[in-house]
Each structure stands twice: as C-alpha cells, then as structure tokens.
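The values are calculated or read from the model by the stated rules, or taken from the named source; none is laboratory data. These numbers come from a predicted model, not from an experiment. Positions of Cβ are backbone-derived with ideal geometry, glycine not excepted, and every protein chain shown enters the neighbour counts. Surface areas here come from the heavy atoms of the whole protein model, side chains and all, with no ligands, DNA or RNA. Shrake-Rupley method; radii C 1.70, N 1.55, O 1.52, S 1.80 Å.
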Amino acid sequence: MGIQYFEDERVFWLNTKNTSYILALVDEEPFVGHVYYGKKLSDYHVRHLMRLEEGPFIPSKNNRDRAAFGDAFPFEYSTHGVGDFRESCLKVQTQNGHEACSLIYQSHNIFAGKPALCGLPATFGSEAECTTLELTCLDPVLNLEVVLVYSVFEDVDALTRSVRITNRAENSIVLKKALSACLQLDGIDYEYITLHGSWARERHIDRRALTHGKHSISSLRGESGHQDNPFIAVMTPGTTQEAGEVYAMNFVYSGNFLAQAEGCQFDTTRIVMGIHPENFSWTLEKGEQFICPEVVMVYSDAGLGKMTRTFHDLYRSHLIRGEYRDKKRPILINNWEATYFNFNTEKLLSIAEEASKLGIEMLVMDDGWFGHREDDNTSLGDWTVNEDKLSGGLKALVDGVNALGMKFGIWFEPEMISPDSDLYRKHPDWAIQIPDRLASRCRNQYVLDISRKEVRDCIYEQIKTVLSSANIEYVKWDMNRPLTDLGSFAYPAGRQGELSHRYMLGVYEMQERLINDFPHLLLENCSGGGGRFDAGMLYYSPQIWCSDDTDAIERLSIQEGTSIVYPLCSMGAHVSDCPNHTVGRTTPFQTRGEVALAGTFGYELDVTRIPQQDRDMIPAQVAMYHKYNDLVRTGDYYRLASYSENHAYDCTEVAAKDGSEALVTYVEVIRRANFKTRRIRLRGLDPNAVYENEETKVRYTGDVLMYAGVQAPETWGDFTSKLMHFVRV
Ligand code: GLA
C-alpha cells in the first residue's frame, strides 16, 4: 500500500518506490503539518521534524503565543490571516468582509486508485498503479471544508495533489485565493530553475539562487503563456543532470498560475503552486464546491535527469490519452510557412503530390481556409469553407489528398472572434470585454467568452460540421492572443473574478467533446507557437506545437527547456525552409531533420520550391523517422551536453528502457579551429553488454561507452549535426 496512517505517531506515510512524503497531525488541536519529502525512509517516526518541542508552544497549551506558532509551523496547506505570514494557499472573504481562515484535521480516507477531477485535466491510474489519501479539514468558524487530496504513483515515483473546498455554512463565502499545493523544506540553501521565454523563444531554462523573500513566476494572460511555464524545481546548489536533490512541481492547468519559492525568516523554504490569486475570486453558495487543479510533484535524489525521466514516464502513461499516445504519429507537412494565407486547392494539392512522393504522410491546411480570410484581420468565428480558395469545396480537396495516399489535417482557432465576422456582427456581446471601455485588440481579434455554454455550443457545432464533412484526421487547435479586458456579459455582479477559470473550464469542456466525438482524431494544441505548452493541454492532445521558431539552432534551447518536463513525443517539431523565417539563419537540411527528430517530426515548407538537394534528402529523413521514432517516443531521455550552457555544442541521448539500443544526437553549433574531437559519455546502457556503432561497426562494452566514452563524430562547418546509433550485440 503506497499510503498508510499510523495512529501512534499520528502520521501519514506516503511512499513510492524511491521516495517518502510524510505529514502529521498536531496533538489536541490537530493542525496538519508537513514533516518530510525526499528519499525513501524505512521508518515513519520523524514527527520531531515539525519542531513542536521548540517554543513557541502548541497554541492549545499556550494561547499566549498562537500567532508566533502560526509564524513558524510547517503547515501542509497554509491559510491567510491567523499568524502565518508566509505565502498562504487559502484566503476567503466572508459576508462581513473577514478574510481569516484556519484548518484543523477532521477525518481521512485512504483507497486504491485515483478519482478523476471533475471538468479538469488530471493524471490517472488504475487501483494497482496508485493510491489516494483524502484528508478532510475544517475551519469550524466558517464551516468551510477543505479536502487535501494526494495520490502516489508508486512505480513512477510521482505524487499528485489537489484540493476540494466545500462551503458547509448557510451563507455564501468568496474564495479570494485557492492554491493547489504547498511544500515546506528545511533550509534556504537552494537554487531553482524555471522556464522563461517569449514568442519564438519559449521555455529557456533560467537558473537562480534562492535567497530570503519570494521568488515567483506566473501568468495572468489567461493561458499558461510563452513567458513562464507552470513549472518550478528547487534543488540543492550545484545540482547537475546526474547529481543533486530536486523538488519539482508542475501544474496540470493551462490558465493563470503562480509558482513561488519563498526563503523564510527561520531559514525554511515554502514552495507553492496554483491558480494566480490576481484576477480570481469564486463565490461558493451553501453546499457548493471548488476544485483546485492538480499539481504533480517529483523528487529526485539524482539530479535533473532523473526528474525529467520521471515526468516523462508519468505523462506518457498517466496523462496523455487517446489512440495516438502509444503510436507513431503521421509525418505531416503544414502549409503555414510554405504559403501563409496565399493558397488554393491547386497549390495545396501540388504540395501534397510532391510530399506524397517523398514519403510524407499527412497534409495540414493551416490558417486561411474559412470565411473571407486573406490575412489575419477577419473571419475568426465564421468556420465555413471559403470556396473561392478551395474551389470544389473541402471534401474535394480532402479526397484529392487521400487519393495520394495521405491523411488530411486542418487548423482552427476556436476561442477567437474577429470584429470583422458575421459572428461578431450578430453577437458582439460574445467577445470578452468591459462595457464602456475600448477593448484591446491583439492580432486584430477578440477572445470569445468560452465560459458561456451558448458560445461553446455555437463554435463547437461549426467545427463538428466541418470535421464531419470530409475525412479529416488531424486538428491543430490554435489560440493566438492573451485574455485582456476581463469582462463577461453573462455574469451577475460580483462574479467577474470567475471568468478566467471558467474560461479554462470551457476550453477543457470543448476539447473533451471533440476527442469524444472524434476518437480517432489526432489533436495538436498550439498557441502562437508554444504559448500553452502545459500538462493541462497534454490531457487532451498528445502533442503541442513547441514554437513558431523552427530554426534548428533556436530549437536546441527551446526543446531542451521543454523536454526537461514534457516528453519528446509531445513536442511538435518540423523541418522548415531557410533562411529561417524567424531569425534568417541558414542551417544544413540534415541538421534541421535531426533536431526535429527529437519531437513529433514533420515539415513546414513548400516542398515544390525548396532546393533539389534538400528535397532529395527527404526520403532518407522519412526513413530515419520510421526507424527511430519508437525509441524516441518511448525511451529514457538523457541530456549529455547543453548548447544553452556551453554555447558551443549540444548532445542528447535516448536509450531504450531495456538497454538494447541508444540514439545520440550531436550538434556542433560553432565549429572550433584546431581542436580535437569531444568525448561523449553515454547513459542508461547495460554496462556488461556489448554495443555496436551501427555506422562504423566498432564495438564497445556498455561500461566503456558510459564511463570512458566515445569521441563525438567530426563535423565540418557551423550548425552541423550527426546521429550515432548504438545497438546491443
Ligand atoms: C500561430 C501558429 C502558427 C500558425 C499561425 C496561423 O502563430 O503558431 O503555426 O498556425 O498561428 O495564423
């Protein structure tokens, strides 16, 4: 059993294969305290770590210093207003305007399996795979019930948390803040990493020292955002890929978030994660419940690499759903960078025809096929086919593509509305905006109030009609602007603070409907590139477009940061034309292919117009994808060298879980003059087995490859790359 309660110590002991997480109840006045998270312990007698013997003493014995107790006690779920001045997770407002809250233990329930989170994305597992603890607490003054929910995935070494808050009082109460998780660590001598970026340079790894005070990242954009990803890892100083302790949190949510590490006065650290309290308030009437989205927690005693592999294993088996989860995805060619808005049936068929000859398996028609959209100023919301462009209609095009032996995919931006659209002319109040205030446009569009059912139904029915009209096997769901001017015409006074979260619930509901109605559809999420690359979206789509920046060298850093949490099989990665449309850089076609191989793999170019020598390389790249994709999708990922750290070269490895093969990708970004080759040490092999380098036929024992290493291949010129495939003999 992964979770046990011991009455003698009043301790909850949560175990996975290699980690323990322990909480305990204070005697007499049973506050819930955090005791320990880390390497697995063999004994649960550790409640002394709560420092209850040190003054100020337990309030029930000595109310004189209740506030000072609150100031230091390691609360498992912190509340606002009664003496804990560190970051709170829960803050309310009563009808009298009071904001204080304090929780004491009531009861608990431990059971096999893991219940779904109603309306929210969440990890899942069978009764054999996970165990859940529901710990019910109460504020007896407010009659507010707070259930702390923990699930352990024993074999995967991961833990999830969420919170259910129920109003058991007669009067309504407002939640001003309801975070999902809090973790107390001893000491403040840590470093932490987050994933920072912007459009076209998403998720670059940021590493800083923790000090006293609050260190936070967040989004208030209504989406997880390009700027900060809902991920934070606090770790011992000097942590590397291989060594050091790491405490990581990742939010299974796609909207506003706060992730924060706080160095506190007594040299402890508090890490919190949840929906950002700004732009948030939620009224609970009598008997109503609020569910805080899930946080995944991973502890690694062996550096960032082990943390990464734990997230990958969890997400590949217990978050991503659908038939493509465990399947090779079709190699697609997307027409965005090939044509932008300037295409018609003939053009698309000419791309498909050439692509099919080269082995590409699916054509994706991007933005510009609907309404009268010739540029990005119009028609969002009018999801009817523009037959001036697609002469003969959509079905004729799809049939034409299918006749070439290719699948067909299509782009939508369901959450948006153009001021120049029939939909806006009919329903101007469906756009999110504030009466009497000039609403801010972005890309000349507004955001639809997806929190409203009639809006969702209208858009969804249009999408469904299009998808049912032809053999469409893939959808790219885009979202190209943040939420601003937060106002819904549908909400009563005092409820506007619910919009951002209700919006997210609406998006989730639509995507759930889509994948249920079209179970064979491959869904790819996207948001101006990688602005909504998060674990919430992965619950609905097995892959997400990583970035609009397709330059192979920029992608090294973007894919490094993304893959620190999210599995390679989820990273949308394409080979595009050069000079690259974002940075103007020219890189070899081979490098573009080998970098994209670390993701879902596809093309984003006009295959009828690229240089012949590049076109000639496509069949071999297609074969390379088919050869390696099972390994890339399912294997263990190791970062051997990071270009964003060394500014010279990049090296990654994917090793089969059974140690039977490994693929190494080496990219020489800047060629050095008069140097010897670099030495690469592999990971994840069987030290006693013999491996053969498939190309050179040279044989090595696993221990030689891992401990002594091999020389990286010589390449000539900047931006060059090379694969090395080692196969167990
Ligand atoms: C976003 C996406 C692109 C493309 C355009 C179309 O920027 O990230 O891939 O689909 O929208 O407008």
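Some notes on this structure:
- For the stretch 498-592, the carbon plus sulfur part of the accessible surface works out to 48%, probe radius 1.4 Å.
- Net charge, ILE331 excluded, C-beta distance under 11 Å - Lys, Arg +1, Asp, Glu -1: +2
- For the stretch 478-533 versus the stretch 75-92, the gap between their alpha-carbon centres in whole angstrom: 30 Å
- Placing pseudo-labels 7 Å out from each Cα toward the beta carbon at ARG168 and ASP65 gives an inter-label distance of 3.1 nm.
- Antiparallel bridges, percent of DSSP beta bridges restricted to the chain (to nearest 5): 85 percent
- Neighbours of ALA128 by Cβ distance under 12 Å: Lys/Arg scored +1, Asp/Glu scored -1, total -3.
- Shape call, the stretch 446-575: gyration tensor on alpha carbons, a/c limit 1.5: oblate
- Protection proxy ranking, peptides 31-40, 407-416, 222-231, average beta carbon neighbours within 10 Å, highest first: 222-231, 407-416, 31-40
- P(r) tail fraction, the stretch 257-313 - alpha-carbon pairs more than 19 Å apart, %: 57 percent
- Selection among THR160, CYS101, VAL146 by position relative to the dipole of the stretch 79-176 gives CYS101 as farthest towards the positive end (Cβ unit charges, Cα centre).
- To the nearest ten degrees, helix 345-358 and the longest principal axis of the Cα atoms of the chain are 90 degrees apart.
- Model label points for GLN265 and ASP686, set 7 angstrom from Cα along the Cα-to-Cβ axis, are 5.9 nm apart.
- Antiparallel DSSP beta bridges within the stretch 309-449, as percent of all bridges there, nearest 5: 40 percent
- Spacing of the modelled spin labels on ASN96 and ASP189, each 7 Å from Cα toward Cβ, amounts to 4.7 nm.
- Placed amide H near GLY529: partners under 5 Å, 5+ positions off or other chain: ASP548
- Gap separating the Cα centres of the stretch 295-321 and the stretch 239-292, nearest whole Å: 17 Å
- Cα convex hull of the chain - mean projected area over all directions, nm²: 32.2 nm²
- Lys, Arg +1 and Asp, Glu -1 on Cβ, resulting dipole of the chain about Cα centre, debye, nearest 20: 620 debye
- Restricting the GluC sites (Glu not before Pro) of the stretch 141-213 to loop positions (DSSP other than H, G, I, E, B) with no more than 10 neighbouring Cβ atoms within 10 Å leaves GLU170.
- Cα centroid separation, the stretch 594-624 to the stretch 534-558: 18 Å.
- The stretch 97-206: C-alpha gyration tensor shape, a/c 1.5 cut-off, then a/b vs b/c: oblate
- Length released on extending from THR236 to VAL141, taking residue separation times 0.36 nm less the Cα-Cα span: 30.2 nm
- Rounded to 10°, Cα long-axis angle of helix 552-563 versus longest principal axis of the chain: 30 degrees
- Efficiency of FRET between MET1 and ALA116 - r from beta-carbon atoms, R0 22 angstrom, step 0.05: 0.55
- For the stretch 262-328, the Cβ-based charge dipole about the Cα centre amounts to some 500 debye (Lys, Arg positive; Asp, Glu negative; other atoms uncharged).
- Mean Cα-pair separation over length for the chain, i.e. relative contact order, pairs under 8 Å, 6 or more apart, %: 10 percent
- 3J(HN,Hα) along the stretch 718-727: 6, 6, 9, 9, 7, 9, 10, 10, 10, 10 Hz, from the Karplus curve 6.51 cos²θ - 1.76 cosθ + 1.60 with θ = phi - 60°, whole Hz, x for Gly and Pro.
- Just so you know, the Cα atoms of the stretch 1-143 work out to an Rg and Dmax of 16.6, 49 Å.
- In the distance distribution for the stretch 615-684, Cα-Cα pairs more than 15 Å apart total 62 percent.
- Sum of -39500 (n - 2.57) over DSSP H runs of 4+, divided by residues of the chain (222 nm, nearest 500): -6000 deg cm²/dmol
- The angle between the Cα long axis of helix 393-403 and the longest principal axis of the Cα atoms of the chain comes to about 70 degrees, rounded to the nearest 10.
- Heavy-atom accessible area per residue - the chain, 1.4 Å, Å²: 36 Å²
- Among THR550, GLN613, GLN711 - extreme Cα towards positive end, dipole of the chain, charges at beta-carbon: GLN711
- When the P(r) of the stretch 361-431 is calculated, the portion above 19 Å amounts to 39% of the C-alpha pairs.
- Theoretical gain in end-to-end length, SER198 to ARG671 [0.36 nm per residue, Cα-Cα removed]: 167.5 nm
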